1. Give me a single rounded figure for A:254-261: the average over its residues of other chain Cβ atoms within 10 Å of their Cβ.
2. So if each residue of separation counts as 0.36 nm, and I subtract the Cα-Cα distance between residue B:278 and residue B:81, what length gain in nm does that give?
3. Evaluate the distance, in nm, between pseudo-label points positioned 7 Å from the Cα of residue A:127 and of residue B:301 along their respective Cα→Cβ axes.
4. Give me the percent of Cα-Cα pairs in segment C:214-266 that sit more than 19 Å apart, rounded to a whole number.
5. Quick one: order B:21, C:165, B:228, A:250 by neighbouring beta-carbon count within 10 Å, fewest to most.
6. Hey, fewest Cβ within 10 Å first, where do C:262, A:273, A:289, C:143 land in order?
7. Using only the Cα atoms of chain B, what are the Rg and Dmax in Å?
8. For segment A:91-301, what number results from the quotient of the Cα radius of gyration and 2.2 N^0.38 Å?
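Since every read-out is calculated from the coordinates, none of them should be taken as a lab result. Every value quoted in this text rests on a predicted model; they were computed, and no experiment measured them. Every residue, glycine as well, gets a Cβ built from its backbone with ideal geometry; the counts of neighbours run over all protein chains shown.
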Amino acid sequence: MVAFIIRRVLQAVGVLFAVGIISFSMFRFAGDPVNQIVSIDTPAAQREEVRRSLGLSDPVPVQFTRYLINTVRGDFGISYQFRQPISDLLAERMPATLELAFCATVFAVAFGILMGVYSGLRRESFLSKLFQTLSLIGISLPTFLIGILLIYLFAVTLGWLPSYGRGDTVRVGWWTTGFLTLSGLMALILPSITLGLFQMTLIMRIVRSEMLEVLRTDYIKFARARGLTTRAIHFGHALKNTLIPVITIVGLQLGSVIAFSIITETVFQWPGMGLLFVQAVQNVDIPIMAAYLMLVALIFVMINLAVDILYTVVDPRLRSTIRQPV
Amino acid sequence: MGAPVLSVRNLKVEFVTRRGVLKAIDDVSFDIERGEVLGVVGESGAGKSVTGSAVIGLIDPPGRIAGGQILLNGERIDNMSPEQIRKVRGKRVGMIFQDPLTSLNPLYTVGEQLEETIQTHTNLTRAGARKRAVDLLAEVGIPAPDRRIDSYPHEFSGGMRQRVVIALALCADPELIIADEPTTALDVSVQAQVIALLKRLGRERGTAIMLVTHDMGVIAETADRVAVMYAGRIAEIGPVEKVVRQPLHPYAQGLMGAIPTLKGHIHRLTQIPGSMPRLSAIPPGCSFNPRCPFAFERCKVDRPEAIARYEHPVACHLYDQSSAKVEVASDR
Amino acid sequence: MNTSIQSSPISSSSEASWLSRFRDSDIWASFKRSKLTMVAAGIAVLFILAAICAGVLSPQDPFDPAQLELLNSRLPPIWDAEGQAPFLLGTDEQGRDIFSAILHGLRISLAVGILGVAFSATLGIALGLIAGYFGGFTDTLIMRIADVQLTFPAILIALLIDGVVKSVLGGELDAGTILSVLVFSIGLSFWVQYARTVRGSVLVEKNKDYVAAAKLIGLPASTILIKHILPNVTGPVLVIATINLALAIITEATLSFLGTGMPETMPSLGTLIRIGNNYLFSGEWWIVAFPSFALAMLVLSINLLGDWLRDALNPKLR
């Protein structure tokens, strides 16, 4: 068990190192770091001076080590377009993205499991068939189209919900939250649905097919033979056994939620890290792109690690028998 | 003696499929008395397990009980509502399945599964249920039950797991236990222990046991009476020593010929030629007639009813006085 | 190859037999069984034809500023009281005919999608063959890169590559270059699945007798790989390619929607939706609705075809 976790941590560090190389290469070779400091009309001699003072004349491995150390300390350099430390920019926008991703995941998990259980138990009902059709469409449509559709319906036509921004936010320490005001909560609804819809359909399909699978197993038949109530069988025994694949999907998809928040944040002009990243790509702001890559890699790796550990909590068989990574 | 613990009368079970209605059980009747072990034997597909499932109302669509009555201590249970029959299952009738590996939910400890079953059927508190669970585990012969109760199913060996399954069937002190191939998935050495356990429980608690198996050895060792099933019907039913030693029905004769015996002379193991018909293609007349070495004209048109002779019923025209062909195989 | 020399006398008969063999095949049978698939195939073919014939079908060349009249700007669809011929689906703020723009946008979306898939398939197949056949360090290196890349969603990788390439090229880029950059970044984002499938298949085939025999008679590795091993993976690669075509089109549309893809001077469907999105609040719904609908139908029909192809070629899956 401990050996398993240690191996996973080492793998995670390996991935982060690889991403670090890519990120460094982008930072160092795709964009000229000197441009961060000086303006376009700075004379060449002065540029050379800055170059030396930044250590850019040192051997590449030395520079890479320095880059890694800086990154670990949270120093990602300075943005071309904003002329501000990137760590400040990210810190300022991280709460918006994390709150959005959190709500989207809660939405996806809650509705995905509900709809999946329902359509697994009542396979032939009209509602189940409707869910299946909707999920096919939900899986096929690009995220931004769903966002536009929701804005058109609920913001433009009905006028019920805001179409962009976070609403009023409250500052708690350095964290800004939209959870404490009505307008902040209202503003969360459409972006969360847009971002969570794909995950919701995925979870629904998996829960449904797992439910069908589990209900055919011997231990469900035996549970019925023991005279347990239908409720206990469906929700105590069947549902718990569908949770392992759901955890896998939710875990793996959390990364995508962060990545797809790029799109959702653009559609809803949500002031998070994703919007910052898109603006960076549009304006070819390499340091921000490199920093975002590192940060996202870190989040992904931590999520994967958490999922691996969660497995063992849900499935007792893994606690004693883990030898091979799952 | 009052009413038998289980009384099955003219039971019919059908499966509605796209290609028509298949008769899985066709007019089956038998009784099981208190403390008695009834062995039900036959090839796979003969309808043994379906009979067991029908008794506890676990026939799922497209299957359905199409006729007959099932009485538990004189009370009809075949026409109960789903909620009523659920309360019978596990409380008055315990069930044991073939594979202990897959019968237990891998995500709960055996204690949790036992307590859940006990609390469903009794008014015991959690602590009371747990105490009863430990007692049950001890009763089925699990060493250190107070420690093992918190183990997960995968931490038990196959034989121990089947003991847990038996403990689960005993949770509410049932009147009847239906054991569906309880030893098939186990090692030979463990089989004997599980059989001995079942027998002891039946004797000590007076529980009636319906033991479904295709293993004649298990039947010979455990059962008081035997029902031989073929293609959804009972071919012969009677005391174990009669049916095993002196089977009447040609099918039963063939089946008994297939038990290797240790004592005595080296018997030639005989084999019944052909195989059991599929439910969709049961021949007219006696369903065994295409494979029967003694079949005559009447067997191909007339379905034999059970006739009582030699103290136990057998469904074969050979023993019907009117067909006067008795001399062929009555004594062997 | 020498097949072309001898092909003429027998080509007609072999073609006919190929056709009849196709008609007898399970694939064709399962195609005829599924009505939904037939509808999807019809829509997909219609879209492809429309994209090819865009120049003929559209009443206006949306890329030619000379043909745009500001007088005709923001016209609603033709069935609206204020609609005007020949603008079937209305016009945008520059007087561009939406119908013509969709046809031309479709052409660009499909072109980027197909080229992107072709690029990623070629790259993935090549890397998969190399990794599987040579094994050792090469294999480990390629598959480790694949693992790391698979950790991240394709859209993020495409965005990053797009940004980096543009930074390296620098300055203002013309539409043609941007199209190539898109194909490149989409291609690099989707190669992993091909590589994994092909590698797996190579590992299986590599140990079979016919490959040993081919090695024994001294055929070079490239010949063995391309002529003997590659044909075994056509089925799965075709399925991946179809499903990835839908993904590639979505990715292109997303990049263009985010403003990092096709420019407004040469709009794809994604760019059209980006433009139209600005008019959502002022009531000109048609500018965004029709391109969105076209994109949705295109992606949905290709997805349905991909699902069907997967089931038909591999009935064991699902």
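1. Details: counts 0, 4, 5, 1, 3, 7, 4, 0.
Other-chain Cβ atoms within 10 Å of each residue's Cβ, averaged: 3.
2. 67.7 nm
3. Simple spin-label model gives 5.9 nm for this pair.
4. Working: 787 of 1378 pairs.
Tail fraction, whole percent: 57.
5. Working: B:21 14, C:165 20, B:228 29, A:250 23.
Lowest to highest Cβ neighbour count: B:21, C:165, A:250, B:228.
6. C:143, A:289, C:262, A:273
7. 20.8, 67
8. 1.17
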